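Below is one structure, written out as structure tokens, with a few remarks after it.
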Amino acid sequence: MFEFLWKRKTPSPPSPKQADPAPQRVAPGTGVHFDPNLVAGLIADHRALVAIFGDIVTAAGARNQASLQEKLGDFGDALRGHLLTENIKFYVYLQHSLESNTESAAIMHEFRKEMQHIGKAVADFLHKYTATTAWSESVWASFETELAVIGKVLVKRIQTEENVLYALYLPPEEYR
């Protein structure tokens, strides 16, 4: 029924009015292209994550378990999407683009390693509290304590990514 989704379309020849396509801007040794909108998209993800985090804080303050668990799910989905984009489009591109700049490459690798640890800790937190069914006052207190720690870590991480790490993302010709 949906076979058309898997069929390859043959590109039509360019019309005489079309200009030559822009040169390929690919990280050396990969098929990962430079995306001039990537950093803006990652920053937009950060804003969305912060907004959802605020909704989580609000739901926790109201002791609204249903809303809280829905927002935790939303946060997890948004975070996974963001991390996937960073890992595939951002870090792979940088890894290859920074091969000749050992200092910047080392900074990028530290950021990536740190984010893997943060991502795992947040995933464990989300799993723990989305699976929780009995929300006693001690569970709420524990949740709020852990949430505050995660909030501080995420705010610091977002600030350093936006102020330091994202500045390393440049078109390939600018690394030469």
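Every number here is computed from the coordinates shown, using simple stated rules; none is lab data. Fair warning: this is a prediction, and the values are worked out from it, not measured in the lab. Cβ atoms come from the backbone with ideal geometry, glycine included; neighbour counts cover every protein chain shown.
With K and R counted +1 and D and E -1, the other residues having a Cβ less than 14 Å from that of residue 158 yield a net charge of -1. For segment 109-124, 3J(HN,Hα) computed residue by residue from phi via the Karplus equation (6.51, -1.76, 1.60; θ = phi - 60°) reads 5, 5, 4, 5, 5, 4, 5, 4, 5, 5, x, 5, 4, 5, 4, 4 Hz, glycine and proline entered as x.
Under the criterion of Cα pairs below 8 Å and six or more residues apart, the relative contact order for segment 30-171 equals 34 percent.
Packing around the peptides 54-62, 66-74, taken as the average count of other Cβ atoms within 10 Å per residue, puts them in this order, highest first: 66-74, 54-62.
Excluding residue 114 itself, what net charge comes from residues whose Cβ is under 13 Å from its Cβ, given Lys and Arg +1 and Asp and Glu -1? With Lys, Arg at +1 and Asp, Glu at -1, the net is +2.
Residue 142 sits among other residues whose Cβ lies under 14 Å from its own Cβ, and their net charge, with Lys and Arg +1 and Asp and Glu -1, is -2.
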